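Shown next, in structure tokens, is the structure this report addresses.
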Amino acid sequence: MQLIAGANTVLPTTSVELVIRARVPQAIDLDITAYLLAQTTQKVRGDADMIFYGQTHTPNQSIQLFESSSQPDYLTRIRINTAQLDSVIGKIAICATLSEPAHIRDLQRLSIDLLSDGHVVATSEINTQSKTEKALILAEVYNHNGRWKYRFVDQGFNGGLKPLAENFGVDVADTQTPPNPIAPPSANSSSSQNVFGQPTRSATPTAQPTPPPSSINLSKIRLDKPNSSINLTKHNGSFGKIQVNLNWNRSGGDRGKSFFRKLSASQSVDLDLGAMIEMQNGTNHIIQALGNRFGSYEKSPYAELQGDDRTGSSLNGENLWINGEHWDQVKRIVIYTYIYEGAANWAATDAIVNIQLPNQPPIEVPVNEGGYLSTCAIVELRNVGGQIQANRQVQYFDDQQKLDEHYGFGFRWTVGRK
């Protein structure tokens, strides 16, 4: 069913998925957001009612946001389970915003599909060339006389993410510009091709009275070549749980026409997330699935890998948790990823790492600059006067041992398998 602006349809099931596809020119950031609006006020009740890149789901998973961005192609999925929504919620608004100074007309394509049980129920195409606004209300999922319906809206909105969010009752906080880049250490020239490990190959919340919305920070920080470093400060005397997420192009995803899919045929790519950690007392630790070294969140080294996504089929990718309550015991952490299976083609994996600290803007580090080496150092976290200095690395190596030699941890390496 092709919907035009203003048209609606009844949701066939309580669990549906919205798929937003776009073609985005370089140097433009596209953000998809969802707002849970109270039936009586048409506003959010607080921070938890806004779903965006820094907060990708509601506490009870009634709404979940999954992004897979690799310019120029962009894909976002929003899963909505109306049966799990708080009874006071009457509408979910789905919106798109662009970074300054871009306008919707700068997009080469933008569409939204409604899926139920994996089948397309409704589809809509946005005529981007006629849009001079910086933001767009794409669609709504809303409760009408006890029935949940879907409406294609296609309504332009002047301003960017901040005024759009404020329109829905979100109080937006400002952030400072990241500091100047800091150069990474120089490489060392030692050579070896073993990989670490054991025998290894190479490497429902109840409805509450509506409170006034608090302040939420929407300023995503992207560590790239122009802005390669940022200093992070404690919030209320602690860093809390530091969450590092690795996501990449899934072999079974929607990008069936990508060059990489054609090149690798049915072969899946297995990216693994890892970390090398130096403690203040001089001890070193390594965390990675290879060798079953998953670490510990509650005791040294106060970092733990949350399982192992063997194919990228997990929508949440791979996750590493760092216990910020014990940051004073950590000297430095080098976060890296390596290709355990599949072709070493980083530009095709669409890999991206997101680092999230409580009450701070998310930090995004793309790992897609090319290279055909199997291992990539992504970001270094240094303890500088008790604060965290995050330095972008994105340096490629033959394997984890070469990475270790470069950063000087001094681990003992043997051949292993996971």
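Annotations
- Members of the range 307-357 that are open to solvent by 10 Å² or more (accessible area, probe 1.4 Å), modelled with pLDDT of 90 or more and closer than 18 Å to Ala289 by Cβ: Asn319, Trp321
- Among residues of the range 245-286 being among the β-branched types (Val, Ile, Thr) and at pLDDT 95 or above, the one that is most open to solvent (accessible area, probe 1.4 Å) is Thr283.
- Looking across the range 358-411 at every residue that is more than 21 Å from Leu290 (Cα to Cα) and small (Gly, Ala, Ser), the one that is modelled with the lowest pLDDT is identified as Gly370.
- Residue within the range 82-97 that is of a type outside the set (A, V, I, L, M, F, W, C) and within 19 Å of the chain's Cα centre (by Cα) present: yes
- Residue check for Ser62: modelled with pLDDT under 90 and either within 17 Å of the chain's Cα centre (by Cα) or open to solvent by less than 10 Å² (accessible area, probe 1.4 Å) (or both): no
- Members of the range 33-46 found to be touching a helix residue (DSSP H, G or I) at 6+ places or on another chain (Cβ under 9 Å), β-branched (Val, Ile, Thr) and either part of a strand (DSSP E or B) or open to solvent by 10 Å² or more (accessible area, probe 1.4 Å) (or both), listed by number: Thr33
- Test: residue in the range 22-32 that is among the charged types (D, E, K, R) and surrounded by fewer than 17 Cβ atoms within 10 Å (Cβ to Cβ): yes
The values are calculated or read from the model by the stated rules, or taken from the named source; none is laboratory data. Predicted, not measured: the structure shown is a model, and the values here were computed from it. Please note: Cβ atoms are built from the backbone with ideal geometry, for glycine as well, and neighbour counts cover all protein chains shown. All accessible areas refer to the heavy atoms of the entire protein, side chains included, with ligands and DNA or RNA removed. Shrake-Rupley method; radii C 1.70, N 1.55, O 1.52, S 1.80 Å.
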